[in-house]
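The values are calculated or read from the model by the stated rules, or taken from the named source; none is laboratory data. As the structure is a computational prediction, the values presented were derived from the model and not from experiment. Ideal geometry is used to build each Cβ from the backbone, glycine not excepted, and the neighbour counts take in all protein chains shown.
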Amino acid sequence: MSSIPISATHSSQRILLVEDDAGAAELIRRTLERSGYSVEIAGGVEAGVKALCGEGAGDYLALLLDYHLPDREPWTVADAAQARVPEIPVVFVTAVSDESVVIEALRRGFADYVKKTDGFWNELPLVLERVARLDRLKGRLDETSELMSTIVEHSSDLVAVYSGEGKLVYVSPVCRTLLGRESEELVGRSWMEIVVPEDREHLLTMFASLEENAHQASTLRCCHKDGSIAWVEARAAQLKAHPNAQPMIVLTLHDVTVQREHEQQMEASLKEKEVLLGEIHHRVKNNLQEVQSLLRMSSRLLPPGEARTVTEATIQRVHAMALVHERLYRTKDVASLSLCDYLRDLFKGVVASNSAPPGQIQLRLDTEEIPLSLDLAIPFGLLANELIANCFKHGFPDNRKGTVEISIHRVDGILRLAVSDDGAGLPEHFDAATCPSMGLKLAISLAHQLGGSLKFSNCNGCRVETNLKRL
């Protein structure tokens, strides 16, 4: 076999050859030097050990070690090499056909071996090149492993590794901070001991789900040695060294106790504010009801006529506002109003205000469930109240029966409100702009406040439609 040229970098890389046969040593030296290596020859065990103990021993690229040496067993040189320069690769050169010798060499961590055959020295450049390549890879792996170990050891997250039997085989040192325990206290114990008893079922569920999804996450509670509770974000991953290996589980615990306590404080504060806001709505509703009562008392003292009619209309408008606060007080969400329920209550209020017989006028709702904030609910309620009241006042004279329909839908992102009745309809030549009715003027103003304008039409009765762009 002919030698293969090696890059010029080998000229600065030294080989230590321990060989007592001067002729074989010379052939090996010449072969390797032609491939760019620098070769130093030691004629026996003592000479090899001396070379390894001298200055520059760490610069050897590899140790070529003959098996048959006259002064001592070759393992002495190998042991000296590993003790002096642990990273030096040892290549075993032997003429012995006994496989036990080769097995012993590999057991001791030798990088490779070459049998002495005719022209075996020509194989050495390839062997050394392969050994050097593997040594470089091992060096990079060692660096990576050391880096990863350093990262894990200094990470603020706890890293725990579980065996397939559910025992802890590794726990990072941060457990001292997170759990108040040393790593050695937990290694070999059950994985369940990390979390509080109430959350162990969650941990079991995470691990059981790893067969379907190799990564799982959950929020768990861990018990500190002093009895305090630490909240953690737990992430589990399943690992296998090779397809036939027993799976292991890596669990990473990130301490979120401070964030969790902050969230709980925020939730408590929010709940307190919701209670206070609900109480405010309750008190405002009670105050508005007091105003209604005062207005009713005043109305009873007025003779039939325009003043009494205006006062009664005002009572109904105050009722519309009080309903908003009552609804917000009764609902869990004190920030927005349920539209359907509010309109039903508003309709009942108009029926009562007009002293209409039960069942004379029916309500038909065709509405989406659109929440309304307080600042928009009041003007919307007043607008709906005016339009419903107008249906009662002008559409059903003389106790005429009929139906009021309210339709609310979003069309192209804009809320469309339509209030219609099957009553008497609009008078001939009706013009909303010139109508002197205070209620109608108020309705037009409220619609404008909500980003719309009122459109009146006769359609088997009166129909009022508007697009409210602010809702």
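Out of Val45, Val49, Val90, one residue alone is modelled with pLDDT of 75 or more, assigned by TED's automatic domain parsing to the domain that holds Pro125, in contact with a Ser or Thr (Cβ under 6 Å, 6 or more places away or on another chain) and among the aliphatic types (A, V, I, L, M). It is Val45. When restricted to residues that are part of a strand (DSSP E or B) and either in contact with an Asp or Glu (Cβ under 9 Å, 6 or more places away or on another chain) or not assigned by TED's automatic domain parsing to the domain that holds Cys340 (or both), the stretch 371-429 contains 16. Annotation for the stretch 382-389: at least one member residue is more than 51 Å from the chain's Cα centre (by Cα) and touching a residue at least 40 places away in the same chain (Cβ under 8 Å). Per the listing Ala356, Ala389, the residue uniquely modelled with pLDDT under 85 and of a type outside the set (Lys, Arg) is Ala356.
Across the stretch 28-60, the qualifying residues are those that are surrounded by fewer than 19 Cβ atoms within 10 Å (Cβ to Cβ) and among the charged types (D, E, K, R), and the one among them that is nearest to Gly119 (Cα to Cα) is Arg30. Scanning the stretch 45-60 for residues that are in contact (Cβ under 8 Å) with a residue 40 or more places away in the chain and in contact with a Pro (Cβ under 8 Å, 6 or more places away or on another chain) turns up nothing.
Taking the conditions (1) without any contact (Cβ under 8 Å) to a residue 60 or more places away in the chain; (2) over 15 Å from Val161 (Cα atoms) in turn, Leu210 satisfies each one other than (2). The residues of the stretch 430-461 that are modelled with pLDDT under 85, crowded, with 16+ Cβ neighbours inside 10 Å and assigned to a loop (DSSP other than H, G, I, E, B) amount to a single one, Ala432. Take the conditions part of a helix (DSSP H, G or I), polar (S, T, N, Q) and modelled with pLDDT of 75 or more and apply them to Thr144. Does it pass? No: the conditions fail for Thr144. Here is the figure for the stretch 393-414: residues that are under 25 Å from His319 (Cβ atoms) and either buried (at least 23 other Cβ atoms within 10 Å of the Cβ) or of a type in the set (Val, Ile, Thr) (or both) total 4. If the condition is being more than 25 Å from Ala83 (Cβ to Cβ) and either surrounded by fewer than 17 Cβ atoms within 10 Å (Cβ to Cβ) or within 56 Å of the chain's Cα centre (by Cα) (or both), then the stretch 110-121 contributes Lys115, Lys116, Thr117, Asp118, Gly119. Within the stretch 370-392, being surrounded by 15 or more Cβ atoms within 10 Å (Cβ to Cβ) and of a type in the set (Asp, Glu) holds for one residue alone: Glu386.
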